[in-house]
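The values are calculated or read from the model by the stated rules, or taken from the named source; none is laboratory data. Computed from a predicted structure; not experimentally measured. Backbone-built Cβ (ideal geometry, glycine too); neighbour counts: all protein chains shown.
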Amino acid sequence: MKADPKADPTAEPQYMIRFDKVGKRYGDHQVLRDLDFTVRPRERCTLIGPSGSGKTTILRLLMTLERVTSGTIEVDGELLSHMRRGDRLVPADEKHLRRVRRKVGMVFQQFNLFPNMNVLRNITEAPVRVLGRSREEAEQRAMELLEMVGLSGKADAHPGRLSGGQQQRVAIARALAMEPEILLLDEVTSALDPELVAGVQSLLRDIASEGNLTILCVTHEMNFARDISDRVLMFDHGQIVEEGPPEKIFSDPVEQRTRDFLQAVLQT
Amino acid sequence: MTWDWGRAGEIAPELFTTGLKVTAQATLGAAVLAFLLGLVLALALRAPTRWVRLPVRVLIELIRSTPLLAQLFILYYVLPSALGITMGALTTGIVGLGVHYACYTAEVYRAGIDNVPKGQWEAAVALNLPRLRVWTSVILPQAVRKVLPALGNNLIGIFKESPQLALITVVDVLGLARQLGSEDFRYLEPLTLAGLFFLVVAIPSSILVRRLERRLES
């Protein structure tokens, strides 16, 4: 008999994220094809691979910024891209998306802070408008988060006045304020000046090591990938070429394509 | 014909109380209508269904490619007999001028909305903000800020075109100047004063708009 995940509410689903034969096509370009993969609760995974291999697309699908062309995605036991209507699967409507999306937070390469709001408002807007927190409660939590990311003094500043590194810290605080179960990190240090990268990475290392979040990270920084992940997945042409613990993938990869990629990345 | 200071002083008070009041009412009324209706039209141009987008697009193109004066005549002379809608001259003028400029303002808003980076929409989705909230908290504040100078230019445009309302019997600064001149066929002073009035308002306004433009760019 198949276990029904809804039968026992305390039972943890086996998978936090589950891709089932997921395909994604932009016009003629097939970015992902029949992709199967799963992520356990509180697992920290890093996706590596050449650009255009579909890593970022995976994050964007999970954040519902894109829709799958075929296959299904489940988050915490619930269908993300589709919903059930009777026996049939139909594309999810906005209401369904909003419910499942609650569990997912994302930090972007370009930070994407709202320039028309100060730092505090950037962090509190969604908790107040979406989670229904009172403003005081949301602000108190925001101040705690700002303290954690080392920017307590910048609550009233506007994003335009902050460095890239500071903006990205605020973006991290903003994502965490929504208390996601899954945190998606999309090349979060790629747009930063080199001297600002280390600070943001060490902040994320701390967050990852607390261990209560499921993290999916796309990065070109292999040392960072090694530090924060339990598992590394090597992608090429929309499929997983090889996966395993970081020590294994980085020191002793099996696939030639992984070796070539690592050699190319580590040389630069 | 020589300039008569005495006459200029005589007519100035009336010109700049009665006439100015009407010009101000027409300009501000039409501007409020244009800025609000323009926003509605801009949003309608982004409606999910073609059945909204297409008629709105046609309406905008129609109004933008016909003269304001023709529209005012239709509103004032045709509409009452055709549909039984009768409005006062000033109200008709405000509606005509406002709707005309709403179509230009819709394009201004549209440009501003298109200019908001895609990442802002994506961040709003990632934070699960409700759609209405995305517009009111994130997109529109940024879009409107970017087009403030263009809105200012439209306001000046409305102001400068408001004398056209004289042709549907609204007595604004220019209409009054013409009336005063026709009393004794001495047009020099009233028309000069009216022209000066438009200059005195429009030039500083343009400078203000340009300054705003520069401030928003930096």
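Worth pointing out:
- Hey, B:GLU61 more than 19 Å from B:LEU140 (Cα to Cα), without any contact (Cβ under 8 Å) to a residue 60 or more places away in the chain, charged (D, E, K, R) and not in a loop (DSSP other than H, G, I, E, B) or not: yes
- Any hit, segment A:37-47, residues being within 14 Å of another protein chain (Cβ to nearest Cβ), touching a strand residue (DSSP E or B) at 6+ places or on another chain (Cβ under 8 Å), at pLDDT 90 or above and under 28 Å from A:GLU210 (Cα atoms): no
- Some residue of segment B:147-164 being part of a helix (DSSP H, G or I) and within 14 Å of chain A (Cβ to nearest Cβ): yes
- Among the conditions (1) more than 14 Å from chain B (Cβ to nearest Cβ); (2) part of a helix (DSSP H, G or I); (3) surrounded by 15 or more Cβ atoms within 10 Å (Cβ to Cβ), the only one that A:ALA126 does not satisfy is (1).
- Within segment A:24-80, strands (runs of 3 or more DSSP E) holding 2 or more residues that are under 23 Å from B:GLY119 (Cα atoms): A:29-39, A:44-48
- Only one of the numbered conditions (1) surrounded by fewer than 21 Cβ atoms within 10 Å (Cβ to Cβ); (2) part of a helix (DSSP H, G or I); (3) among the hydrophobic types (A, V, I, L, M, F, W, C); (4) away from chain A (no Cβ under 14 Å) is not met by B:LEU180, and that is (1).
- Test for B:LEU188: is it farther than 30 Å from A:GLN168 by Cβ and either in contact with a Phe, Trp or Tyr (Cβ under 8 Å, 6 or more places away or on another chain) or surrounded by fewer than 18 Cβ atoms within 10 Å (Cβ to Cβ) (or both): yes
- Of the residues making up segment A:167-191, those that are crowded, with 21+ Cβ neighbours inside 10 Å, over 21 Å from A:PRO127 (Cα atoms) and of a type outside the set (Ser, Thr, Tyr) number 2.
- Qualifying residue in segment A:68-84 (condition: under 17 Å from A:ILE17 (Cα atoms), surrounded by 17 or more Cβ atoms within 10 Å (Cβ to Cβ), facing another protein chain (nearest Cβ under 9 Å) and of a type in the set (A, V, I, L, M)): no
- Within segment B:101-128, being facing chain A (nearest Cβ under 10 Å) and either surrounded by 21 or more Cβ atoms within 10 Å (Cβ to Cβ) or in a helix (DSSP H, G or I) (or both) holds for B:LYS118, B:GLY119, B:GLN120, B:TRP121, B:GLU122, B:ALA123, B:ALA124, B:VAL125, B:ALA126, B:LEU127, B:ASN128.
- Selection of segment A:93-109 for residues being facing chain B (nearest Cβ under 8 Å) and at pLDDT below 95 yields A:GLU94, A:ARG98, A:ARG101, A:ARG102.
- Residues in segment B:129-148 that are over 18 Å from A:ASN118 (Cα atoms), touching a residue at least 24 places away in the same chain (Cβ under 8 Å) and surrounded by fewer than 20 Cβ atoms within 10 Å (Cβ to Cβ): 1 in all.
- Listed by position, the strands (runs of 3 or more DSSP E) enclosed by segment A:141-236 that each have at least 2 residues that are more than 24 Å from B:LEU129 (Cβ to Cβ) are A:231-236.
- The residues of segment A:250-268 that are assigned to a helix (DSSP H, G or I) and under 15 Å from A:SER53 (Cβ atoms), listed by number, are A:ARG257, A:THR258, A:ASP260, A:PHE261, A:LEU262, A:ALA264, A:VAL265.
- Answer residue from segment A:93-108, given it is closer than 24 Å to A:LEU185 by Cβ and outside any strand (DSSP E or B) and is nearest to the chain's Cα centre (by Cα) among those: A:PHE108
- Check on A:ARG133, away from every other protein chain (no Cβ under 11 Å), crowded, with 17+ Cβ neighbours inside 10 Å, without any contact (Cβ under 8 Å) to a residue 12 or more places away in the chain and not small (Gly, Ala, Ser): yes
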